[in-house]
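Take a look at the structure below.
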Amino acid sequence: MNNRPPGEPGNKDKRSGHPTGDGGDSGGGQSPLSNPNAQRIWLFLGFIVILMFMFMFLGNGQRSGSSISWNELSAAARQGEIATIIERGGSELEIIYKDNRRVLAYKSPDTDLFSLLGYRDIASVPFEYRSEPGDNSQALLLNILIFALPTFILVWFLWRMMRSMRSGQDQALNFGRSRARVSRDMERPQVTFADVAGADEAKEELKEIVEFLREPEKFIRLGARVPKGVLMVGPPGTGKTLMARAVAGEAGVPFFSISGSEFVEMFVGVGASRVRDLFERAKSEAPAIIFVDEIDAVGRQRGAGLGGGHDEREQTLNQILVEMDGFENDTNVIIIAATNRPDILDPALLRPGRFDRKVIMDNPDVKGREDILKVHTRGKPLAGDVDVTALAKITAGFSGADLENLVNEAAILAARRGKKTIGMSEMQESMERVVMGPERRSRVISPDEKKRIAYHEAGHAILFHVLQYTNRVHKITVIPRGQAGGYVMPLPETDIFLKSREQFLDEIVATMGGRAAEEIIYNQFTTGASGDLQQATRLARMMVTQFGMSDKLGPRQYGANNAPIFLGRELGEVRDYSEHYAQAIDDEVKNILTAAYQRACSILLENRTRMEELVQALLERETLDSTEFSEIMNRPAVAFDLGAGDTN
């Protein structure tokens with residue numbers, strides 16, 4: 001299963017495209033210029049400033065001319081060079097010379113023009129004089145703009161400041177409100193149980209919850225009590241969130257969704273306040289569903305944080321415990337929570353009366369994978385060679401999210417190749433991309449190093465083929481992919497839920513095949529086997545300390561993981577055994593690894609000719625599928641010069 005079906009828009013309203021509910025503040029971090037109203041105000045102010053400058057310059061341009069001093073004006077008047085003097089408004093003089101030149105002069109309104117020029121009255125002047133009323137409208141407008149514009153800007157800034165303060169106060173008052181998204185009626189997620197595949201048992205458990213919300217009378221008549229909470233547990237990518245969305249789509253009741261981390265803030269008491277507000281809102285619209293994703297963010301075992309009993313997370317958890325099973329009953333509010341860390345949850349949260357049911361959502365089996373692939377390939381153009389059943393068999397261990405990603409990568413690959421349909425080759429290549437990473441054909445590898453990689457991978461492949469309790473080889477290649485220079489892809493034919501001691505030992509032997517092949521051919525070791533050694537050591541130590549598969553140490557578990565949980569992760573293994581047993585564990589792990597390595601070398605020496613054939617085929621074709629590999633391993637052996645690969 002996946003976390004979200006193809007094309008699902010997430011927690012957004014389908015009509016507006018915006019998040020539903022009233023959980024968050026959408027404008028807290030915007031700048032003033034990003035507000036459309038503020039942009040209009042600034043445009044208006046810019047227009048006023050431009051208009052002011054136009055009046056200043058265009059108004060003066062109508063009576064353009066240079067300005068002269070009173071001495072120059074008096075001398076020109078005595079010499080008879082002036083034809084006309086026009087006085088406007090008592091302060092501005094326009095002087096027109098006889099050669100049609102025009103100049104300007106200015107005087108105080110209470111000063112007499114004729115006394116300044118040295119004449120007794122108008123009758124004695126040798127030029128034409130007339131007085132006109134002055135046009136003071138431009139000057140008045142200019143003065144208004146000069147005084148009004150700064151005042152307007154100051155008032156606007158004060159208004160913005162007061163509005164920001166009021167917004168901050170509103171945010172402070174709403175700080176303790178829940179940020180849950182609520183879906184009602186048409187806003188409800190359009191996901192149903194038909195969109196969920198691969199988890200039939202979990203679906204049946206949750207169908208009862210939906211049925212109770214739809215027909216509560218049927219259960220109340222028999223004295224049944226609705227479960228207070230349902231905890232969905234499973235690895236990442238198994239579809240816990242998708243299942244909750246399907247419950248919301250089927251139930252037809254208000255659906256409140258929130259993440260566990262959204263309760264907690266740096267301020268003490270905010271988380272508990274948000275929990276109270278969330279349950280009050282849900283009770284007011286009961287019957288309702290509350291979905292808390294990643295509840296381990298607030299449901300971690302108490303006493304494990306930095307703050308002791310006064311930690312903010314613990315206060316939030318205490319409030320959740322009270323709301324789920326306090327003094328109030330029959331609230332008709334069901335809480336569904338999801339987590340992939342049930343081991344760190346507080347025991348009080350898991351007791352009956354709070355989370356009454358625990359729904360396990362594990363990775364799907366082969367039938368579930370086939371159903372999930374059918375859901376994700378629905379509506380996509382598939383080629384005729386696509387076999388969903390075969391694809392489900394070779395994807396053991398894939399989660400729903402992995403399968404969704406596989407189909408999506410195949411569609412992208414087909415589009416990149418210019419195809420109109422998605423073929424089986426794209427499906428298989430996308431599977432390898434999901435598991436190992438992208439191919440790195442551009443990586444330059446020397447012929448000698450490529451040959452070493454071929455021997456390394458051939459050693460793995462032969463052991464997987466010969467050993468009884470290992471998976472069959474699906475593909476072998478020397479083309480780098482992800483962090484690997486080459487790889488062998490063994491895939492189980494059926495889903496494996498239990499592993500025996502023999503299976504562990506054979507798997508360790510096959511893991512040692514690359515290093516063993518390098519020693520046989522080159523009598524040298526390279527760093528290419530570092531990951532193999534790490535994997536083999538991990539398996540051997542698990543056999544000894546966890547599964548009791550050591551004859552020497554007996555059926556006992558060593559080093560139980562009962563360490564104190566610190567911020568969601570164990571500090572380390574608590575040693576519940578003596579130094580004597582610690583040495584015995586190390587010796588037993590070493591004995592298992594040494595025996596496995598010797599067995600790997602022995603099998604490869606017996607199949608040296610097959611290994612040479614396989615290396616030659618890899619160097620020629622670079623990649624072999626299961627059919628080509630089986631042909632090489634099953635045909636009659638061809639004689640080779642077995643010393644050709646030895647460099648010493």
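Just so you know, all these numbers are worked out from the coordinates, no wet-lab data involved. Just so it is clear, the structure is predicted and the values come from calculations on it, not from any experiment. Positions of Cβ are backbone-derived with ideal geometry, glycine not excepted, and every protein chain shown enters the neighbour counts.
General remarks:
- Averaged over residues, the count of other Cβ atoms within 10 Å places the peptides 623-630, 477-484, 286-293 in the sequence 286-293, 477-484, 623-630, highest first.
- Largest-first principal axis extents, alpha carbons of the stretch 468-511, Å: 33, 20, 17
- Derived scalar couplings ³J(HN,Hα) [the stretch 385-399; Karplus, 6.51 cos²θ - 1.76 cosθ + 1.60; whole Hz; x for Gly, Pro]: 8, 6, 10, 5, 5, 5, 5, 5, 6, 9, 10, 4, x, 6, 8
- Our Cα-only numbers for the stretch 336-388 put the radius of gyration and Dmax at 18.1, 54 Å.
- Ordering of 601-613, 361-373 by packing [mean C-beta count within 10 Å, highest first]: 361-373, 601-613
- Members of Lys374/Lys419; Lys240/Lys420; Lys203/Lys283; Lys228/Lys374; Lys207/Lys283 lying beyond 29 Å, as alpha-carbon distances in this model show: Lys240/Lys420; Lys228/Lys374
- Distant alpha-carbon pairs in the stretch 404-461 (separation over 14 angstrom), percent: 65 percent
- Fraction of alpha-carbon pairs over 28 Å apart in the stretch 350-496 - percent: 33 percent
- Estimated D of the stretch 377-427 in µm² per second, where Rh is the Kirkwood radius over Cα pairs and Stokes-Einstein applies at 20 °C, 1.002 mPa s: 191 µm²/s
- For the stretch 448-568, dividing the convex hull volume of the Cα atoms by the residue count gives 160 Å³ per residue.
- Considering only Gly482, Ile462, Val435, the residue lying farthest towards the positive end of the dipole of the stretch 429-512 is Gly482, judged by Cα position with unit charges set on Cβ.
- Relative protection proxy for 234-247, 389-402, from highest mean packing down: 234-247, 389-402 (other beta-carbon atoms within 10 angstrom).
- Based on Cα contacts under 8 Å between residues 6+ apart, the stretch 446-517 shows a relative contact order of 40 percent.
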